[in-house]
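In what follows, a structure is listed as structure tokens, so that the remarks can point back to it.
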Amino acid sequence: MTAGTHLTQLLPRHRALAPLRDEAELVGLYLDRTNAPRNALHTEDPGRPWVRANMVTTVDGAVTGSDSLSGTISSPADKRVFSVLRSVVDAVVVGAGTARAERYTRLHAKPRHAEQRRNRGQVPAPLLVLVSRSGRFDLDRIDAAGSGRVVVHAVEDACDAERRALIVDRLGDDALILHEDSVEPGAVLTDLRTRGCREILHEGGPDLLGDWMDTGAIDELCLTTSPLLAGAPPAGAPRGLLDDHGDPAATALRLLSLVSDGTTLIQRWGLPLPG
């Protein structure tokens, strides 16, 4: 069981992180922004949602295994933290391609986190936010499990009338947001803010994460390094954490926390990006 995986916090202070049922210690660690750098966007707008990205890589930088899935390079330690990250957020943003490959469904309400979410004023399950230019994804798969709501951000000209009607019929009147030319991160965040979302988790994939990084929309990067060497990526697989994206200028990050099970390194980086 991932909840039984023993972890040690190495930074900002050394302590054992007992596998408690409600994961209170890990929840507290990931909600603590005492040392997090505030980028210019938050300085100008303190009410802006806080966005953390979560990704896993091998030691040689692969973001998927030989089957092109991230789960292959994950570990029980990574899965324990992943569960906690989802438990503290109001919404999870993911690209449609990643949602399709990783077989996403509506997100689940987790009984062991229910009381904490109620105390923070959150609904039982986070909102799933699909970014899909055409609005084409497997609706049946999305509906196969889970209880959380789903919102789709698509491009108006790429999402035909039949697809629009199907999404609204299956997911609800306010579940489809259309954009003129492209789905800009700022527009997604504006929509999520109007829905009362304060804590956002971005789960990729690399291409979408690169877009959000380029615009300074990511405040934290939660990065797990698995003790694996993946070798050459499969044909068509992303070539790294941000694929072909990213500002060519070097950016200094701040290490906010470091957790390990003895082999897997679970890092949390603050991104002091300009507005």
key: Enumeration of residues in the stretch 135-187 that are under 23 Å from the mean Cα position of the chain (by Cα) and free of Cβ contacts under 8 Å to residues at least 12 places away in the same chain   = D140
key: the stretch 177-213, residues that are among the hydrophobic types (A, V, I, L, M, F, W, C) and in contact with a helix residue (DSSP H, G or I) (Cβ under 8 Å, 6 or more places away or on another chain)   = I177, L178, I200, L201, L208, W212
message = Would you confirm whether or not the stretch 242-265 contains a residue that is within 17 Å of the chain's Cα centre (by Cα) and either assigned to a strand (DSSP E or B) or not basic (K, R) (or both)?
response = yes
ask   = Is the stretch 239-247 home to any residue that is surrounded by fewer than 18 Cβ atoms within 10 Å (Cβ to Cβ), farther than 25 Å from R103 by Cβ, at pLDDT 85 or above and not acidic (D, E)?
value = no
inquiry  = I'd like the full set of residues that are among the β-branched types (V, I, T) and closer than 20 Å to P49 by Cα, limited to the stretch 161-188.
reply    = I177, V183, V188
query = Would a scan of the stretch 260-270 turn up a residue that is in contact with a Phe, Trp or Tyr (Cβ under 9 Å, 6 or more places away or on another chain) and at pLDDT 95 or above?
reply = yes
ask   = Inside the stretch 89-134, can you point out the residues that are over 23 Å from G172 (Cα atoms) and either under 14 Å from the mean Cα position of the chain (by Cα) or assigned to a strand (DSSP E or B) (or both)?
value = E102
key: Every residue from the stretch 50-73 that is crowded, with 18+ Cβ neighbours inside 10 Å, under 16 Å from the mean Cα position of the chain (by Cα) and over 16 Å from G270 (Cβ atoms)   = V56, T57, V63, T64, S70
G205, sole failed condition from (1) within 25 Å of R80 (Cβ to Cβ); (2) surrounded by fewer than 20 Cβ atoms within 10 Å (Cβ to Cβ) = (2)
message = What's the total number of residues in the stretch 124-160 that are among the polar types (S, T, N, Q) and under 20 Å from K110 (Cα atoms)?
response = 1
Selected residue (criterion: farthest from the chain's Cα centre (by Cα)) from residues of the stretch 205-239 that are polar (S, T, N, Q) and in a strand (DSSP E or B) = S226
query = If you check T72, T98, which single one turns out to be among the polar types (S, T, N, Q) and either touching a strand residue (DSSP E or B) at 6+ places or on another chain (Cβ under 9 Å) or without any contact (Cβ under 8 Å) to a residue 12 or more places away in the chain (or both)?
reply = T72
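The values are calculated or read from the model by the stated rules, or taken from the named source; none is laboratory data. Only a predicted model underlies this, so the values are computations on that prediction, with no experimental measurement involved. Virtual Cβ from ideal backbone geometry, glycine too; neighbours counted across all protein chains shown.
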